[in-house]
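The values are calculated or read from the model by the stated rules, or taken from the named source; none is laboratory data. Small disclaimer: the values here were computed from a predicted structure and weren't measured. All Cβ positions, glycine included, derive from the backbone under ideal geometry; neighbour counts span all protein chains shown.
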Amino acid sequence: MTEMNGAESLVRSLIASGVDTCFTNPGTSEMHFVAALDKVPGMRSVLALFEGVATGAADGYFRMAEKPACTLLHLGPGLANGLANLHNAKKAGSGVVNIVGEHAASHIELDAPLTSDIAGIARPMSHWVHASISAADVGADAARAVQAARTPPGQVATLILPSDTAWTQGGQVAGPFTVPGRGHLDTAALDRAIAALDGPESLLLLGGCALTDAALEAAGRIAAQTGCALLSEWSNARMERGAGRVAVGKVPYPIDLALEALDRYRRIVLVGARAPIGFFAYPGKPAILSREGAEIIPLAGAGDDLAGTLEALSDAVGASGMAPSGVGTRQEIALPQGAATPETIAAVLGRTIPDHAIVVDESVTTGRGFFAATTGAAPHTWLNNCGGSIGYGLPVAIGAAIACPDRKVLALTGDGSAMYTPQALWTMAREQLDVTIVIFANRSYEILRGELTNVGVRNPGPRAIDMLSLSRPDLGWVGMAQAMGVDGCRAGDAPELEAAIRTGLSTPGPYLIELEC
């Protein structure tokens, strides 16, 4: 191979380590990387019009492909634009490799307008941060970044690439580095869990990779044998659901409902989950959601072999030969009539989710009751926002659709949330991704109306209410989508919603539904 520059060695090393997809929003400092992408075959490049779309897409890609993609971002401000969805990726345990351009060393000394502390910007949302020193180092640095991103359960790695290391000759291709394995079972913790799971006052709380089909089946056997309850965390990176799979409810988001749901459990065994806490602090209410004095038994963390842990626990409690409890069965749900309410929307979803669909859920208020009605839907995968930073849904749908082009993607999001990353629609149209989007157009930040009450404001005045309203003017989502190449329609009630979803699912490429609710 002829001599290459650092940027070409970077691309070749990423490909050698299994990274073959790049979500990009480049600038001048990254042009040699752009040129290398053009020269070196094997890397799919997906352009995003906003960095938060690129980082969110990388999150969704990892969740479904189970391997990292890379992003290409422009200096510190470009990275900063992507931080919100990197926060969500970090909380979800998604592996992401960020390639962030930097000024040449000689230019940094001049304090040019775009000079910034890129490493300082990256560290709060990254597990691993490194800056390449020379063209000869770039390939190995790329391989280390992929190694970091693939470290269980998945990490955010940020590699800073000064432009002179990209354009200078002397780049060397590096092969993949060994990735650490998942943690092994702690036998002492297993003994404590066996003793704790004894009847309906005990809970097996699941998260992370404990929500795969095989892991859920083992959990269902444990529940059948011990009588314990099963729940998952409120937000899960990926959960397998639907008919034929063990149905697991979630710890509720609203603080009072969560306290009520968990009050019955004296013992909680954690597998891939954290001890339950509230999303926020509220005056006069506890932040810890479990009952006072409840015994918390951490059995396995997110980076451990969770499926193996549950199989070992199943064997240890004598459940290996049992049928799992709580398996979802196909339900015949009548077409709901009338207005689009959380209940009728849930029924429509139960009727329309296709086989093996991927549901990307950012419907924090409207969607709180969706789970019960979709337990018996066709088998599907459900993705939640684990970090709480708004604008996750549409970008994650891009990554999921690119990772699984043979599967339908159904993105559910509120109008306020979707406005954080509407540029994602353009990328969906450009890539002709098979995504059906439902925008719950309630013309407000509806979740914040409830939170205003939760923090003790009983009679908000007009200025407070106005700050939570999305009217004056109303958002026109169908027109907005069409301007970016995405066809769509409006729906005003439950039957119209079902007809629109079926149209979207049968239409090649993306389709948007603006639901008045």
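Pick out the one residue from 237, 214, 219 that is among the small types (Gly, Ala, Ser), surrounded by fewer than 20 Cβ atoms within 10 Å (Cβ to Cβ) and either in a helix (DSSP H, G or I) or out of contact with any strand residue (DSSP E or B) (no Cβ under 6 Å at 6 or more places or on another chain) (or both).
214 is the lone residue from the list that is among the small types (Gly, Ala, Ser), surrounded by fewer than 20 Cβ atoms within 10 Å (Cβ to Cβ) and either in a helix (DSSP H, G or I) or out of contact with any strand residue (DSSP E or B) (no Cβ under 6 Å at 6 or more places or on another chain) (or both).
Residue 296 is checked against (1) in a strand (DSSP E or B); (2) surrounded by fewer than 14 Cβ atoms within 10 Å (Cβ to Cβ) and fails just one. What number does that condition carry?
Among (1) in a strand (DSSP E or B); (2) surrounded by fewer than 14 Cβ atoms within 10 Å (Cβ to Cβ), residue 296 violates only (2).
Take the residues of segment 223-249 that are among the hydrophobic types (A, V, I, L, M, F, W, C) and more than 25 Å from residue 279 (Cα to Cα): which is farthest from the chain's Cα centre (by Cα)?
For segment 223-249, the residue satisfying everything is 224.
Please list, ordered by residue number, the helices (runs of 4 or more DSSP H) wholly in segment 403-517 having 2 or more residues that are more than 24 Å from the chain's Cα centre (by Cα) and farther than 22 Å from residue 52 by Cβ.
Result: 446-454, 462-467, 477-483, 494-506.
What's the total number of residues in segment 248-276 that are more than 26 Å from residue 213 (Cα to Cα) and surrounded by 14 or more Cβ atoms within 10 Å (Cβ to Cβ)?
Matching residues across segment 248-276 total 4.
Only residues that are in a helix (DSSP H, G or I) and either free of Cβ contacts under 8 Å to residues at least 60 places away in the same chain or aromatic (Phe, Trp, Tyr) (or both): list them for segment 1-27, please.
Result: 11, 15.
For the list (1) surrounded by fewer than 20 Cβ atoms within 10 Å (Cβ to Cβ); (2) within 30 Å of residue 222 (Cα to Cα); (3) within 18 Å of the chain's Cα centre (by Cα), I need the number of the one condition that residue 372 fails.
It fails just one condition, (3).
Just the residues that are under 12 Å from residue 436 (Cβ atoms) and either in contact with a Lys or Arg (Cβ under 8 Å, 6 or more places away or on another chain) or not aliphatic (A, V, I, L, M) (or both), please, taken from segment 471-497.
487, 488, 489
Among the listed residues 281, 247, 261, which satisfies the condition of being at pLDDT below 95, aliphatic (A, V, I, L, M) and farther than 27 Å from residue 188 by Cα?
281
Given the criteria in contact with a Gly (Cβ under 8 Å, 6 or more places away or on another chain), crowded, with 17+ Cβ neighbours inside 10 Å, within 28 Å of residue 419 (Cα to Cα) and modelled with pLDDT of 95 or more, does residue 353 qualify?
So residue 353 passes the test.
Considering only residues of segment 32-56 that are more than 16 Å from residue 19 (Cα to Cα) and small (Gly, Ala, Ser), which is surrounded by the most Cβ atoms within 10 Å (Cβ to Cβ)?
56
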